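The values are calculated or read from the model by the stated rules, or taken from the named source; none is laboratory data. Computed from a predicted model, the values in this text were never measured in an experiment. Note that each Cβ is placed from the backbone with ideal geometry, even for glycine, and that neighbours are counted across all protein chains shown.
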Amino acid sequence: YTRYGNPTVQAFEEAVASLEGAESALAFGSGMGAISATVLALCSSGDHIVAQRQLYGGTLFFLQSVCPRFGIEVTLVDAAEPGAFGAAVRPGRTMLVLAESPSNPRLALADLAELGAIRGPFTVVDSTFATPMLQRPLDHGVSLVLHSATKALAGHNDATIGVIAGATDLLDAIWGYATLHGSVASPFDAWNALRGIRTLGVRIERMSSTATTLAHHLAAHPAVAEVCYPGLDSHPQHALAARQMTGGGSMFSLDLHGGEAAAHRLLRNLELVRVATSLGGPDTLMCHPASTTHAGLEAPLQELIGVTPGL
Ligand SMILES: *Cc1c(COP(=O)(O)O)cnc(C)c1O
């Protein structure tokens, strides 16, 4: 019965586990399915979560809107500040430390070794932007690595699927809740994702080299205030990127001098690049986070996490 397990989904899980150097993996119906099921499987009323404030919009919205309804308290920290995660942990109360590296949309990094050294709470890294080709969070000692496999893992914009990987006993405990949560992966999407994984290595290599070329070019453009890309020397955490990643990845963001008007003018005038909110597929895509992926957040939080009008 597929809500409990399925051989095609298992083949996908085994492939991800092997790429991440994990004992096991567990697939979900989407990246958000993986995130929400993991949080609700591990946390109860009265528990505390430490989360990076630079997060995918859906994750941040979940932590801000759903968790308080269940009495789960969330503290947001700046991933770029050394020691911030550990300092926010409340011994005996913090159940989960949640990070995303590189982060959507400003490519902030969380120090994986620092996260791996935290004792007590479970540590989770959303590694969607890096894929297992560029970093392996479990090698640094974190408890779980998570992906929206909808993106580069499946890689063809034709699957919606999420996955977590880590130790078998922890995944078994999460599975017990996940079968009731119900956001299970469909075998067809798992099959598409498995097909994507077969070419992941060459796709990431090519996407990273294209992103590097574009990031260098745009960083020198007079209309561009800032390019955020871990592969550029100008990235504030470039040294950390060099320590924990084997490449800059396929994603970068740019902040335009002209603010929101300039951003929309750029989107209207694109010829080759398509305007859409996804990543990791065969097309080069561009989006305006403030009005799409991060539109659900209040203006002060958008500003705090760097989702500026010109990004
Ligand atoms: C897209 C994305 C998600 C959510 O994944 P879905 O498959 O759309 O549910 C989570 N984290 C990151 C970093 C993402 O880019």
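One table, with the values for the structure above:
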{"read-out": "Set PRO289, PRO236, PRO300: member being within 16 Å of the ligand (Cβ to nearest atom), of a type outside the set (Asp, Glu) and on the phi < 0 side of the Ramachandran plot", "value": "PRO289"}
{"read-out": "Pair list, Cβ < 7 Å and 6+ apart or interchain, from region 203-216 residues that are surrounded by 14 or more Cβ atoms within 10 Å (Cβ to Cβ) to residues that are at pLDDT 95 or above and part of a helix (DSSP H, G or I)", "value": "ILE204/THR131; ILE204/MET133; ILE204/LEU134"}
{"read-out": "From the options SER44, SER101, residue that is hydroxyl-bearing (Ser, Thr, Tyr) and out of contact with any Asp or Glu (no Cβ under 8 Å at 6 or more places or on another chain)", "value": "SER44"}
{"read-out": "Helices (runs of 4 or more DSSP H) contained in region 1-88 and holding at least 1 residues without any contact (Cβ under 8 Å) to a residue 40 or more places away in the chain and away from the ligand (no atom under 16 Å from the Cβ)", "value": "7-20, 84-88"}
{"read-out": "Search result, residues across region 102-153 that are under 19 Å from ALA88 (Cα atoms) and of a type in the set (Lys, Arg)", "value": "ARG119"}
{"read-out": "Selected residue (only one of GLN302, GLN237 is surrounded by 18 or more Cβ atoms within 10 Å (Cβ to Cβ), among the polar types (S, T, N, Q) and free of Cβ contacts under 8 Å to residues at least 24 places away in the same chain)", "value": "GLN302"}
{"read-out": "Top-ranked residue in region 23-40 [being of a type in the set (A, V, I, L, M) and over 22 Å from GLY57 (Cβ atoms); ranked as surrounded by the fewest Cβ atoms within 10 Å (Cβ to Cβ)]", "value": "ALA25"}
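To keep it simple, each residue is scored yes or no on (1) away from the ligand (no atom under 13 Å from the Cβ); (2) of a type in the set (Phe, Trp, Tyr); (3) buried (at least 24 other Cβ atoms within 10 Å of the Cβ).
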site	(1), (2), (3)
THR128	no, no, yes
PRO132	yes, no, yes
ALA152	no, no, yes
THR168	yes, no, no
THR179	yes, no, no
SER183	no, no, no
